[in-house]
Amino acid sequence: MAVCARLCGVGPSRGCRRRQQRRGPAETAAADSEPDTDPEEERIEAGAAALAGAGGGRGAGPSPPPRCSLLELPPELLVEIFASLPGTDLPSLAQVCTKFRRILHTDTIWRRRCREEYGVCENLRKLDITGVSCRDVYAKLLHRYRHILGLWQPDIGPYGGLLNVVVDGLFIIGWMYLPPHDPHVDDPMRFKPLFRVHLMERKSATVECMYGHRGPHNGHIQIVKKDEFSTKCNQTDHHRMSGGRQEEFRTWLREEWGRTLEDIFHEHMQELILMKFIYTSQYDNCLTYRRIYLPPSHPDDLIRPGLFKGTYGSHGLEIVMLSFHGKRARGTKITGDPNIPAGQQTVEIDLMHRIQLPDVESLRSFNELSRIVLEVREQVRQEQQQREDGAEDGEGRAPQSPREPQRGPAQPSVELPAEKGGGPADGEAAAAAAPAPEQPAQSGQGQPFVLPVGVSSRNEDYPRTCRMCFYGTGLIAGHGFTSPERTPGVFILFDEDRFGFIWLELKSFSLYSRVRATFRNAEAPSPQAFEEMLKNIQSLTS
Ligand SMILES: [Zn+2]
């Protein structure tokens, strides 16, 4: 606004039309077709000239101030100035006068806007062949569909998913991200396009469905409301294969799981796989997506928060979002399964209760680990009881903010197992003197780690040293998310990019590895917006 006022040479009170009428760039074309008479033009020009002269000090000397109006600047300079303004401000500028309007037809202005605002590096000059201008690309493609850029979770019942919508050359593409094949958590994510939007002709953008193996075909996108949109396929016959359902299933099995029908014939997971195929293929013609944000990070965080791939037994690999909330860390499912659906909090880590693992020999005993963990759980229970009692006594105490300086979250508040009772009684004093989370309290770079005998793991290739461990709970439930229950477990931090969780009751181990892809337009506008998003995706499957 301020820029506009300066450029027009008039303040809002002098009738800058931008105040009165704000148009989107998509409507610029309409504005252009209006008759080129502009009654305000002369007045603005005069105003601009007067303003430009005013700076010289009114009546200070005998010589009149030199006349210098923005309108008198050479067109190439105006192009340079206009090209540096946000694209959304340009339509208002086009309404100032015919000269500005004409200059705003210059495609280099819009080429620069496409590049700077949407990262379009493509050689936009080749657009000329199709008769599509950079301004069309900006207004009818990039600006028009800007609300769908970023990360999304599709509403596919318990399964969820991760969609990343990006500007790619002269396309907007919706990529579905899939975890690597089970159990290779360290492998990169896989992705396949679900839809694309581009300008094939000047008039309007074309939406195409990319599902299936028969190439792009007619589709539709509807922006339902803020942070929600849906896609629809208008030609679902393109999803079908000549070999019928069996060929479709075989192909899906190969792509999704890296398996053959023969492979899974002997495994107990075949029912789960078949169910997922039947369930998800019902959603091939219409999908709704809800926006997700990446977790905000903070220098105090144990490791950088973000997305991780984790092993989930027969369910295969799933995508989990690790986020920090003061004294707790949470793992939220971005993809899910019929037991624990997407959106639920699969693990919760109690950063105030560190677990000191015994030496490797003792660690091999599941009973020993179990004893240690259950002891911490008892302590957590007692502390919670004390807090509740205290809360009843001192009602009205201000709740602790999630970003309150953490009282040494990475420090042990209990000394386990050997020096029981030998630890400092005053947790706070100990925390103050203790080293920072990045420096493990143990010797050197970490301590040896091995899974207790009897604990099953999909992946035998887990790290054999760890930095530190914490008490945590893991969510388990029956099929259909029945009788969900948080059960005790151990969170093991291996390094900056890997962690694990031992599910005591299930006697199983999940290994998580960081998703290294970078995502644009995925930052939460505020920590509150992130918390809100977590709550929303959880409530959808509860
Ligand atoms: Zn389709």
Counting other C-beta atoms within 10 Å, and keeping those with at most 12, which DSSP coil trypsin sites (Lys or Arg not before Pro) do you find in region 471-542? ARG516
What residues qualify as long-range amide H neighbours of HIS353, i.e. H under 5 Å apart, gap of 5 or more or another chain, H built at 1.01 Å from N? TYR471
Residues with amide H under 5 Å from that of ALA524, placed H, sequence gap 5 or more: LEU294
Between THR465 and residues 5 or more places away or on another chain, which pairs have amide H atoms under 5 Å apart, with H built 1.01 Å from N, and which residues are they? PHE449
Starting from the Cα of LYS192, draw a straight line to each of the lysines and keep only those under 29 Å, dropping any in the same chain fewer than 8 residues away. LYS126, LYS140, LYS203, LYS225, LYS226, LYS232, LYS276, LYS309, LYS333, LYS535
For region 238-309, what size does the Cα cloud have along each of its three principal axes, sorted from largest down, in whole Å? 54, 32, 16
Using the Karplus curve 6.51 cos²θ - 1.76 cosθ + 1.60 with θ = phi - 60°, what ³J(HN,Hα) values do you get for each residue of region 344-359, in whole Hz, with x for Gly and Pro? 7, 8, 6, 10, 10, 10, 8, 6, 8, 10, 7, 10, 8, 6, x, 5
q = 0.14, 0.22 Å⁻¹, region 210-274: log10 I(q)/I(0) [Debye, one scatterer per Cα]: -0.59, -0.91
Positive-end extreme of charge dipole, region 183-325 - chosen from TYR289, GLY306, THR260 (charges on Cβ): TYR289
Between region 81-160 and region 289-333, what is the C-alpha centre distance in whole Å? 34
Cβ-Cβ cut-off under 14 Å around VAL79, Lys and Arg +1, Asp and Glu -1: the net charge is +4
From the phi of every residue in region 486-493, what ³J(HN,Hα) in whole Hz does the Karplus formula 6.51 cos²θ - 1.76 cosθ + 1.60 yield, where θ is phi - 60° and glycine or proline is x? 8, 10, x, x, 10, 8, 10, 8
Accessible area in square angstrom per residue, region 446-542, 1.4 angstrom probe: 44
With a cap of 14 neighbouring Cβ atoms within 10 Å, and only residues DSSP puts in a loop, list the trypsin sites (Lys or Arg not before Pro) found in region 173-232. ARG202, LYS203, ARG214, LYS226
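The values are calculated or read from the model by the stated rules, or taken from the named source; none is laboratory data. Given the structure is predicted, the values throughout are model-derived calculations rather than measurements. As a convention, Cβ positions derive from the backbone with ideal geometry for all residues, glycine included, and neighbour counts pool all protein chains shown. Remember, those area values only see protein heavy atoms, side chains included, never the ligands or the DNA or RNA. Shrake-Rupley method; radii C 1.70, N 1.55, O 1.52, S 1.80 Å.
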